Amino acid sequence: FVLEIENCTLFARVAESLCSGLGEGAKEPYTAWDDAGKELRAGTAFLAVPSPLAIPWDDRALAGALCARFEDIAFEEDSCRDGFEKSFAELKDLVNLVSFKMNGDYGFALEWDVPKLLKAFRFGVDVDDAGPLIDKLISLVSLASDVQLDRPLLFVNLKAYLTESELDSLYNQAFFSRICLLLIERGHHEHIVGRERKLLIDQDFVEESW
């Protein structure tokens, strides 16, 4: 869904408000509702990406959920779970073997689990910082799908960074991954790209949708 706002002052206020997660306490107060008519908590209604040049890979809704999701998948099969437990037991034995050669008493302060292991080694999306922006955005949508993100990705002025072909590719990836996108755009673009649905607020604050 694309929200186009022609008035630059209103655009700035709306974009800042939606990214703030403050709901009715924002500069431009707002509420969010699901398809069943239930009001959503403003702070978790969207996952905001104010700039596609600074994708929030470490957001708890993504990075934290990734570790939990990985554990769920890994432990679906007994053989995989047993493999993790056996490998850690072997690592623990090796650490104990080395620590016996030291004067003090040493050991692990925490019980191991998969999320702790993944966080310790900073498990996450393998991003090529020098790669095309569209590849990073598609990786973001894939990550959102893998962690079963339950809120739309909210972008500000995303169209300024992508070609029409790249934007259409992103829309398709989101559609097939069942991830909702909300674009807040400054100005009006008459051309409709791919699966877009639009709401325009013009300079006179008149709304038009298609």
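The values are calculated or read from the model by the stated rules, or taken from the named source; none is laboratory data. As the structure is a computational prediction, the values presented were derived from the model and not from experiment. A quick note on method: Cβ atoms are made from the backbone with ideal geometry, for glycine too, and the neighbour counts reach across all protein chains shown. Heavy atoms of the whole protein, side chains included, go into the accessibility calculation; ligands, DNA and RNA do not. Shrake-Rupley method; radii C 1.70, N 1.55, O 1.52, S 1.80 Å.
Points to keep in mind about this one:
- For Leu143, the criteria (1) within 24 Å of Ala32 (Cα to Cα); (2) without any contact (Cβ under 8 Å) to a residue 40 or more places away in the chain hold in every case but one, which is (2).
- With respect to being surrounded by fewer than 18 Cβ atoms within 10 Å (Cβ to Cβ), closer than 24 Å to His188 by Cβ, among the aromatic types (Phe, Trp, Tyr) and under 17 Å from the mean Cα position of the chain (by Cα), Tyr171 fits the description.
- Test: residue in segment 58-69 that is within 17 Å of Ser142 (Cα to Cα), touching a strand residue (DSSP E or B) at 6+ places or on another chain (Cβ under 8 Å) and in a loop (DSSP other than H, G, I, E, B): yes
- When residues in segment 87-137 are screened for being within 30 Å of Pro52 (Cα to Cα), assigned to a helix (DSSP H, G or I) and free of Cβ contacts under 8 Å to residues at least 40 places away in the same chain, 5 of them pass.
Every residue, every condition in (1) crowded, with 17+ Cβ neighbours inside 10 Å; (2) farther than 24 Å from Tyr161 by Cβ, yes or no:
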| site | (1), (2) |
| --- | --- |
| Asn7 | no, no |
| Glu16 | no, no |
| Asp34 | no, yes |
| Arg41 | no, yes |
| Val49 | yes, no |
| Leu53 | no, no |
| Cys67 | yes, yes |
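- Filter result (open to solvent by 30 Å² or more (accessible area, probe 1.4 Å) and outside any loop (DSSP other than H, G, I, E, B)) within segment 174-203: Phe175, Phe176, Arg186, Leu199
- Near pairs, Cβ below 9 angstrom, 6+ apart or cross-chain, from segment 158-170 (assigned to a helix (DSSP H, G or I)) to any residue that is open to solvent by 30 Å² or more (accessible area, probe 1.4 Å) and among the basic types (Lys, Arg): Ala160/Arg186; Leu167/Lys159; Asp168/Arg195
- Whichever residue in segment 30-55 is aromatic (Phe, Trp, Tyr) and in contact with a strand residue (DSSP E or B) (Cβ under 9 Å, 6 or more places away or on another chain) and, among such residues, is modelled with the highest pLDDT: Phe46
- Residue within segment 73-80 that is over 30 Å from Thr163 (Cβ atoms), in contact with a Phe, Trp or Tyr (Cβ under 6 Å, 6 or more places away or on another chain) and surrounded by 12 or more Cβ atoms within 10 Å (Cβ to Cβ) present: no
- Qualifying residue in segment 109-116 (condition: surrounded by 13 or more Cβ atoms within 10 Å (Cβ to Cβ), within 25 Å of Arg186 (Cα to Cα) and in contact with a Cys (Cβ under 6 Å, 6 or more places away or on another chain)): no
- When Val156, Val147, Val206 are screened for being at pLDDT below 95 and open to solvent by less than 30 Å² (accessible area, probe 1.4 Å), only Val147 passes.
- Leu140 being within 18 Å of Pro50 (Cβ to Cβ) and either open to solvent by less than 20 Å² (accessible area, probe 1.4 Å) or in a loop (DSSP other than H, G, I, E, B) (or both): yes
- Neighbours by Cβ (under 6 Å, 6+ apart or cross-chain): first from segment 182-210, without any contact (Cβ under 8 Å) to a residue 60 or more places away in the chain; second basic (Lys, Arg) and not in a loop (DSSP other than H, G, I, E, B): Trp210/Lys198
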